[in-house]
Amino acid sequence: ACLRLWSTFFSYNTTCPATMVFLEPPQNILNLLRDALPATTGDASSSSSSIAATPEESEEILAYVATLAASLADSQNFQPTAWYDALSPYLTSTILDANGGDGQVEECVEKFRSLAESSLMDNDDSSDEEDEFGGEELTNIRFSLAYGGKILLHQTKLRLRRGHRYALVGQNGVGKTTLMNAINNGKLEGWPIDLKTEYVDSGSNVDPVHEAKIVFTHLTASTGKSDAECRAILEDLKFTQAMMDGTIGELSGGWQMKLRLAKAVLVSADIMLLDEPTNHLDSKTVKWLEDYLLGLKQTTVLIVSHDTAFLETVCSDVIHYEQRVQWGPHRKLVHYAGKMSAFVKKQPQAKHYFELATTDLKFVFPDPGRLEGIRTSTQRFLEMEGVYFRYPGNDKDTLTDVNLKMTLSSRVVLIGANGAGKTTLVKMIVGDTTPSNPDQCRFFIHHNLRIAYVSQHAFYHVEQHIEDSPVSYIQWRFKDGYDKEKIESEAYKITPEEQEKIDAYNLEEIWSRRLRGGILEYEIKKKNVREKDNIYVSKDELLSMGFKHLLRQTDEKIASKEAGLDLRPVTTSEIQRHLDDFGLAQEFGTYGKIRGLSGGQKVKLVLAAAMWNCPHLLVLDEPTNYLDREALGALSEALRNWGGAVLMISHNKEFYSSVCTEEWLVADGKVTVVGESEEREMKAVAKKKKFVKEETGDEKLDTAGGNTNINGDKYKDATVNFWGATVSKKEVRNYDKAKKKGDVATMRKILQIPMGKVMPGYEELGDGKTVPN
């Protein structure tokens, strides 16, 4: 910077090579420099012996030093060493008396730096707050913040006043939660140590130890309040005695958020930090929270939320993550007095916080693919008539007389209070539970239906891989051609009791499945029994034997094969292309770790992983949690354009009304259908399962050189042998293994090709005497 400025300081021309052009630095910076100089040197016209240069030269050097200082100030660099290194060479033995020594120079530079920093703080354009705005000043600091090797905020100002409610606003991934954590842990430079903070996290990080705690015991122990006070607030939030006596992990996402809010209310901190506080909450609880926050007079609140209507109601100020040209590549916090609507008037480009529309971000969902027997988008793949459900041990039905249907055109939202039975209904649809009256109702779900279920607790599975990259997580999950995470879940895992029944039946494996006369039958291979003696057993018979989870695993693997997961490569580039379709860039998808993802980025990962198997039905439980407005706009548009069915649980009317035309209202055990889904273009059609094989570096070179015989899949599949007999399933599997290895001898043996003969259509296997090319 010094060399660049020095080169612009002197300008030479052919007529007067020694002409020197005088710089005009910012007047305020030049005045601060004059104030910092010793009294005898402050006046450039002084004839004091302390001035080593002539008055004219002194004026020119002062201008140059002030210009250097302005450059440092513009870049928000107020490090003492940086100022001394940049300015001292021009002050030493030039403006200041050489006899003064380095001490005088250092003292002058430090005074100048301090005055410049104070002036910038006083005239900071990162706030439009007036001193008369009201409230005791709790903190007024300048700091930088980084996460890992990434700088999130650089030399930014944060000024908080007592009793104010600040909305912390910014896109996903800018570091809002990181800032909240730093404040809560007192890790910000200059943060007052006497301030008491209470942090209500979003619940995106799952802690098994925390979830094992008893609700009421945890609340009394963590707050230090009496049993009566704790019981009063829990009862105010409609906690039952059973909930209080149960573990935290047994609570739904909404009730866990209520518990965290109850703890924050009882603590009475100076600063309350709320990270997505409306996640999972029903409208009544959101209203309770709004009323409580608006009644606070001595507590400062800092809120991160993507619920713009909630922020507009409760917040008195906005703190916005901004990036400006003069600040370089890093962001700063900019304060705006007033509500969100006032902020948008001052910054019109931020209007997307009030609009559910996307700009550059787009989500691209894969088409669902063919569903056997479904030829139109209005043909039903799910029907429920007269369905009841009751949890074991309960004396009352959770759901009564449910009558529903779904097609590929369905765009449905489930609406109801917390605990009304929405999640119970969803679990029945995805197959986790079955009706309590199976013989007295109609309950039909297509046997090949592929379902992607993004639940409230979807983060739990991702958190098991926090040290892996998103790409590595998807590779682990789908490398075997099916969803390993789903197969290992409690809903699919074979219990010890079921395994005993499987062993008693002498069952080795289920090989295939067929639909015969409207009845599903499974091909059973028993131990020590020849393949040709396999038998077909109906689904109802197998279920009566207790093979529920085995059948679920089999159906899931068959559905995955129908989607082509057995052929889809799980290479880094293939998975990253898929992640790109969900707005997760390579920086985070391939090179980052799940630990470093924000809540919104984790939602994108969970959504991308769920859509890997090209589902026909996407079930979303509170999809608006954690996503910013732009991402919500992208998700809304993608759902509208997608060819599959959508079922969501959401309290965000703005979002679900942009997608769903049908509402299922759940209350008092009943499900009422309002509206109807319109017929849509049929996109779930048969497609050839084909994925482009990626070329290695050598293969690309061979292709460029004209070598066409480089395809590793050049051998045909085995159907009949040399003599025209059908190849058995076992031989087909062995042939496929040999084909992958390029074992020509084994392939010839399976096809029974005589030595010296070439089988028509299989010329690539040669005659057995010479090695084929």
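The values are calculated or read from the model by the stated rules, or taken from the named source; none is laboratory data. Since the model is a prediction, treat every value here as computed from it, not as a measurement. Methodologically, a virtual Cβ is constructed for each residue, glycine included, from the backbone with ideal geometry; neighbour enumeration extends over all protein chains shown. Areas reflect the complete protein model, heavy atoms only, side chains present, ligands, DNA and RNA absent. Shrake-Rupley method; radii C 1.70, N 1.55, O 1.52, S 1.80 Å.
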- Message: Given the criteria open to solvent by 20 Å² or more (accessible area, probe 1.4 Å) and under 14 Å from His651 (Cβ atoms), does Lys284 qualify?
- Response: yes
- Message: All but one of (1) assigned to a helix (DSSP H, G or I); (2) hydroxyl-bearing (Ser, Thr, Tyr); (3) surrounded by 19 or more Cβ atoms within 10 Å (Cβ to Cβ) hold for Thr278; state the number of the condition that does not hold.
- Response: (1)
- Look through Leu551, Leu507, Leu579, Leu565 and report the one residue that is at pLDDT 90 or above, surrounded by 15 or more Cβ atoms within 10 Å (Cβ to Cβ), among the aliphatic types (A, V, I, L, M) and under 18 Å from Trp476 (Cα atoms). Leu579
- Counting only residues in region 201-245 that are under 26 Å from the mean Cα position of the chain (by Cα) and open to solvent by 70 Å² or more (accessible area, probe 1.4 Å), the one farthest from Val454 (Cα to Cα) is identified as Val209
- Message: Condition first: farther than 21 Å from His320 by Cα, in contact (Cβ under 8 Å) with a residue 60 or more places away in the chain, assigned to a loop (DSSP other than H, G, I, E, B) and open to solvent by less than 60 Å² (accessible area, probe 1.4 Å). Can you find one or more residues in region 172-181 that meet it?
- Response: no
- Query: Would you say Thr407 is in contact with a Lys or Arg (Cβ under 6 Å, 6 or more places away or on another chain) and either under 19 Å from Ile451 (Cβ atoms) or open to solvent by less than 70 Å² (accessible area, probe 1.4 Å) (or both)?
  - Reply: yes
- Message: Can you tell me how many residues within region 622-637 are out of contact with any Pro (no Cβ under 8 Å at 6 or more places or on another chain), modelled with pLDDT of 85 or more and open to solvent by less than 10 Å² (accessible area, probe 1.4 Å)?
- Response: 2
- Can you name every residue in region 385-404 that is more than 23 Å from Leu639 (Cβ to Cβ), open to solvent by less than 60 Å² (accessible area, probe 1.4 Å) and not acidic (Asp, Glu)? Gly386, Val387, Phe389, Thr398, Leu399, Thr400, Val402
- Keeping to region 231-250, report how many residues are within 17 Å of Ala221 (Cβ to Cβ), out of contact with any Phe, Trp or Tyr (no Cβ under 8 Å at 6 or more places or on another chain) and part of a loop (DSSP other than H, G, I, E, B). 1
- Query: Looking at (1) open to solvent by 20 Å² or more (accessible area, probe 1.4 Å); (2) assigned to a helix (DSSP H, G or I), which is the one condition that is false for Lys297?
  - Reply: (2)
- Item | Filtered residues of region 636-662 (kept if assigned to a helix (DSSP H, G or I), out of contact with any strand residue (DSSP E or B) (no Cβ under 9 Å at 6 or more places or on another chain) and not charged (D, E, K, R)) | Ser636, Ala638, Asn641, Ser658
- Report, by residue number, each residue of region 738-770 that is open to solvent by less than 50 Å² (accessible area, probe 1.4 Å) and of a type in the set (D, E, K, R). Lys739, Arg748, Glu764, Asp767
- Query: Residues in region 369-383: is at least one of a type in the set (A, V, I, L, M), open to solvent by less than 70 Å² (accessible area, probe 1.4 Å) and part of a loop (DSSP other than H, G, I, E, B)?
  - Reply: yes
- When region 80-105 is checked residue by residue, the ones that are modelled with pLDDT of 80 or more and open to solvent by 50 Å² or more (accessible area, probe 1.4 Å) are Pro80, Thr81, Tyr84, Asp85, Pro89, Tyr90
- Message: For region 510-524, which positions are exposed (fewer than 14 other Cβ atoms within 10 Å of the Cβ) and either on the phi > 0 side of the Ramachandran plot or of a type in the set (Phe, Trp, Tyr) (or both)?
- Response: Gly517, Gly518
- Just one of the numbered conditions (1) in contact (Cβ under 8 Å) with a residue 60 or more places away in the chain; (2) within 12 Å of the chain's Cα centre (by Cα); (3) open to solvent by 20 Å² or more (accessible area, probe 1.4 Å) is not true of Ala585; which one? (1)
